[in-house]
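Heads up: the structure comes next, in structure tokens.
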Amino acid sequence: MKSITAATVVNIYGGTSNFGTIVAAFLCDSYFGRYKTLSFAMIACFLGSVAMDLTAVINQLHPAKCGKEIGSVCKGPSIGQIMFLAGAMVLLVIGAGGIRPCNLPFGADQFNPKTKEGKRGVDSFFNWYFFTFTFAQMVSLTLIVYVQSNVSWSIGLAIPAILMLLGCIIFFAGSKLYVKVKASGSPIHSITRVIVVAVKKRRLKLIGSSSEGLYNYIAKDFKNSKLSHTNQFRCLDKAAIQTPDDKLNIDGSPADLWKLCSVQQVEEVKCVIRVLPVWLSAALFYLAYIQQTTYTIFQSLQSDRRLGSGTFQIPAGSYMVFLMLGMTIFIPIYDRVLVPFLRKYTGRDGGITQLQRVGAGLFLCITSMLVSAAVEQHRRTVAFTWPTLGVAPRKGAISSMSGMWLIPQLVLMGIGDALAGVGQMEFYYKQFPENMRSFAGSLYYCGIGLASYLSSFLLSAVHNITEGS
């Protein structure tokens, strides 16, 4: 595929897998619980990895190799090959969609939030979860990308499949040790009901500014955190106004769930509305993040990727390891040095608030993109004014600018993600009650999904406008 087409496909795949988290969160909270959802998703991810490897192993599942001569024409994939690849990606979408919203909350479920040690354990768990996650990506972007680029695609795609199988074995081996929270109903049902009932009762008048007169039913077996009534978005409170037509069961629950909602359900919807500004700003953060992880690869392909005076070249896909390295190095420093230092002055267990952490990450994101723009301007100037290193087939001239110029922007973005990404996930987790934790995880990934689609649109728009220039 052409570079612009490949980037668009990758962004659409990334967006779909991230938006798939909302479906997985719904099924998890409504029917299966986090453990069963993770089990099914991990198996799907393993099968998708195997199918992806088969596209390289079996000659009939991929097009013939492109010629290396300048001016050679590549034969594109057939419809059957595209369909098999799409099937593999669908399995990976199912796997990623199930793992992403459930994995982190499932790990946090293992801590007791009612104890001081448990609360600090959750705070530290978020940092170390992302540290481990990023370390795994670093291995993928160095060792596995090198094998794929320089040894064999068959072996390079077999490694993730083998590691996924190993992950499944380890996960299922500890099944008897886990704290397994049962499904208690999807918050999506409750959110929809509150909005529908509030619209139905929009003509009713609220009395006072407190929860007095509002339906405040709490079931006896209710195990989630109880939310206090707030005066924000009071139009939603109308869903909790009980009228003579609203009948109750013997236990006090509504006879018709689509006619009366509790204050608890209304406040859960308010929680979602409150985080939307953070969600939108984080989506813009990941728009810039995705640009760094896709466009920088194209920059490196047309830069001098040699190490020193030797012949070894850093694979273009491995440049992302510098982004991961920035994040991996910064997270332990933040968790073990900055947080204790800040705790002395702020009195907060986390050193600073989650929103302050997200804000710091957004600032570094802006800085990273400004550096990126300056480096790209330098690369183009060098390409036009200095001798080139030759011409890459189907890529164009290779600038003599060192690929090391790309490292600062990636490191800055990695540190920004350590602040904004981790801070955002922790913010969602703590803003929602227990029954909405999987939904919170899906909300985080839906923001990344929105950024992926926006990135595809941005790439296509810029390409169409500048194609003839």
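Of note:
- Screening the candidates Leu419, Leu454 for the property of being farther than 30 Å from Trp128 by Cβ and either crowded, with 17+ Cβ neighbours inside 10 Å or touching a helix residue (DSSP H, G or I) at 6+ places or on another chain (Cβ under 9 Å) (or both) yields one hit, Leu454.
- In region 6-18, the residues that are in contact (Cβ under 8 Å) with a residue 40 or more places away in the chain reach residues that are of a type in the set (Phe, Trp, Tyr) with C-beta atoms within less than 6 angstrom, at least six apart or across chains, in these pairs: Gly15/Tyr453; Asn18/Tyr445.
- Scope region 399-429; condition under 23 Å from the mean Cα position of the chain (by Cα) and among the polar types (S, T, N, Q); matching residues: Gln409, Gln424
- Filtered residues of region 447-469 (kept if closer than 9 Å to Leu287 by Cα and touching a Leu at 6+ places or on another chain (Cβ under 8 Å)): Ala451, Leu454, Ser455
- Residue match in region 37-44 (condition: open to solvent by less than 40 Å² (accessible area, probe 1.4 Å), of a type in the set (A, V, I, L, M, F, W, C), farther than 30 Å from Ile191 by Cα and in contact with a helix residue (DSSP H, G or I) (Cβ under 8 Å, 6 or more places away or on another chain)): no
- Subset of region 226-255 (residues that are open to solvent by less than 50 Å² (accessible area, probe 1.4 Å) and polar (S, T, N, Q)): Thr230, Thr243, Ser253
- Residue ID - surrounded by the fewest Cβ atoms within 10 Å (Cβ to Cβ), chosen from residues in region 139-172 that are of a type in the set (A, V, I, L, M) and touching a residue at least 40 places away in the same chain (Cβ under 8 Å): Leu165
- Of the residues making up region 173-195, those that are more than 26 Å from the chain's Cα centre (by Cα) and either surrounded by 18 or more Cβ atoms within 10 Å (Cβ to Cβ) or at pLDDT below 80 (or both) are Arg193, Val194.
- Some residue of region 114-124 being at pLDDT below 85, open to solvent by 80 Å² or more (accessible area, probe 1.4 Å) and under 23 Å from the mean Cα position of the chain (by Cα): no
- Scanning region 285-328 for residues that are assigned to a helix (DSSP H, G or I), of a type in the set (Val, Ile, Thr) and open to solvent by 30 Å² or more (accessible area, probe 1.4 Å) yields Thr293, Ile297.
- Inspection of region 331-352 identifies at least one residue that is surrounded by 17 or more Cβ atoms within 10 Å (Cβ to Cβ), modelled with pLDDT of 85 or more, not in a helix (DSSP H, G or I) and not hydroxyl-bearing (Ser, Thr, Tyr).
- Condition check for Val93: part of a helix (DSSP H, G or I), touching a Pro at 6+ places or on another chain (Cβ under 7 Å), open to solvent by less than 50 Å² (accessible area, probe 1.4 Å) and in contact (Cβ under 8 Å) with a residue 12 or more places away in the chain: no
The values are calculated or read from the model by the stated rules, or taken from the named source; none is laboratory data. Everything numeric in this text was worked out from a predicted model, so none of it was measured. Because the Cβ atoms are built from the backbone with ideal geometry, glycine has one as well, and the counts that use them run over all protein chains shown. Accessible surface areas use protein heavy atoms only, side chains included; no ligands, DNA or RNA. Shrake-Rupley method; radii C 1.70, N 1.55, O 1.52, S 1.80 Å.
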